[in-house]
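Colleague: Here it is: the structure, laid out below.
Each reported figure results from applying straightforward, stated rules to the coordinates on display, with no laboratory input. Worth saying up front: this structure is predicted, and the values here are computed from it rather than measured. FYI the Cβ positions are ideal-geometry reconstructions off the backbone, even for glycines, and counts take in every protein chain you see.
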Amino acid sequence: MKLKHAVSWVFLVPLAVVRAATPGAVSVTITVDTSRPGQQIKRELYGQFIEHLGTQIYDGIWVGEHSRVPNVRGYRRDVVEALKRLRIPVLRWPGGCFADQYDWRDGIGPRDKRPVRVNPYGGAVETNAFGTHEFLDYAELIGADPYVSINVGSRPPLDAAQWLEYMTSDQNTSLTQERRKNGRARPWKLKYIGIGNELWGCGGRMRPEFAVDMTRRYSKFLNAPAGQEFIKVASGPSANFDDDGYAGFAEAMM
């Protein structure tokens, strides 16, 4: 019997799977009742991640406003259109391992005055042309919730707290005035805060208990302004963790 709002498929099943009295394929009809959906998969599981590696950011996403490559405010038009079609729920930046050696102040202000650094992951020159404004504006452009991974490995908690104030506060402070001067009058809506990245490895080679203490410490100082709420994300374990293995790091962090 056909069910209301049902969809049917017909599969050809090989004899190796289904025994039949006569040679050839077997016709099997499967009916799915779409009016009774099962468990819903949270869309955040399909989030994506960009990092300053190879040509992922430069040329891959960012080409600059004056590039011959067709662009939208400096972002590659073809990539913007493709990611809009994908309807990405979450976009994470600046890393990855790059995040735990990143100074957010390198990536704000006039691009021609930003410091040029050596990217420790691959040795390429990092121009910092793609920084805080470029990332958060890009997330808005493609319709994704921004996820910023803060530097726990090599910067103090105060640095992270000031970065959050710069991005999300609407009060009249020196940092918000600096943001406005740099071209963004209203604060961004930041949903996810990553407390470091791979703390067991490139994020500081921390032992499980130390990583837990650092996560607790930084979390204390990462506060959302009134009317906003952050989801704070801890660093997960690795199967290749040298000392206590996957289970040891996971148990300590949980």
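Colleague: Quick one: compute the contact order of the chain, relative version, from alpha carbon pairs under 8 angstrom and 6+ residues apart, as a percent.
Modeller: On the way: 398 pairs, mean separation 34.5, N = 254.
Taking the mean separation of contacting Cα pairs over the length of the chain, I get 14 percent.
Colleague: Continuing with this model, one more query. Within 10 Å of each residue's Cβ, count the other Cβ atoms and sort HIS52, HIS66, HIS133 from fewest upward. Don't skip to the answer; put the middle values down first.
Modeller: On the way: HIS52 25, HIS66 7, HIS133 18.
Fewest-to-most ranking of HIS52, HIS66, HIS133: HIS66, HIS133, HIS52.
Colleague: Taking the chain as the reference, fit the longest principal axis to its C-alpha atoms, fit the long axis of helix 208-221 to the helix C-alpha atoms, and give the angle between the two in degrees, 0 to 90, nearest 10.
Modeller: 70
Colleague: With each label point set 7 Å from Cα along the Cα-Cβ vector, what nm distance links ASP112 and ALA224?
Modeller: 4.0
Colleague: Oh, and also: Among MET214, GLY107, ASN172, whose Cα sits farthest toward the positive end of the charge dipole of the chain (+1 at Cβ of Lys/Arg, -1 at Cβ of Asp/Glu, about the Cα centre)?
Modeller: Positive-end residue among those listed: ASN172.
Colleague: Tell me, ILE231, ILE108 in order of fewest to most beta-carbon neighbours within 10 Å?
Modeller: On the way: ILE231 14, ILE108 21.
Arranged by neighbour count, lowest to highest, ILE231, ILE108 become ILE231, ILE108.
Colleague: Restricting to DSSP H runs of at least four residues, report the calculated mean residue ellipticity at 222 nm for the chain, -39500 (n - 2.57) per run over all residues, nearest 500 deg cm²/dmol. Write out the running numbers ahead of the final one.
Modeller: Numbers: 6 runs with 64 residues, N = 254.
Mean residue ellipticity, 222 nm, calculated: -7500 deg cm²/dmol.
Colleague: If you rank LYS189, LYS181 by fewest surrounding Cβ atoms within 10 Å, what's the result? Write out the running numbers ahead of the final one.
Modeller: On the way: LYS189 15, LYS181 11.
In increasing order of surrounding Cβ atoms, one gets LYS181, LYS189.
Colleague: Also, quick follow-up: Find out how many positive minus negative residues lie around ASP159, taking Lys and Arg as positive, Asp and Glu as negative, among other residues whose Cβ is under 10 Å from that of ASP159.
Modeller: Working: positive: ARG105, ARG155; negative: ASP103.
Within the 10 Å Cβ shell, the charges total +1.
Colleague: Which whole-number percent gives the relative contact order of the stretch 92-233, counting Cα pairs below 8 Å spaced six or more residues apart? Please list the in-between numbers first.
Modeller: On the way: 205 pairs, mean separation 38.1, N = 142.
Worked out over the stretch 92-233, it gives 27 percent.
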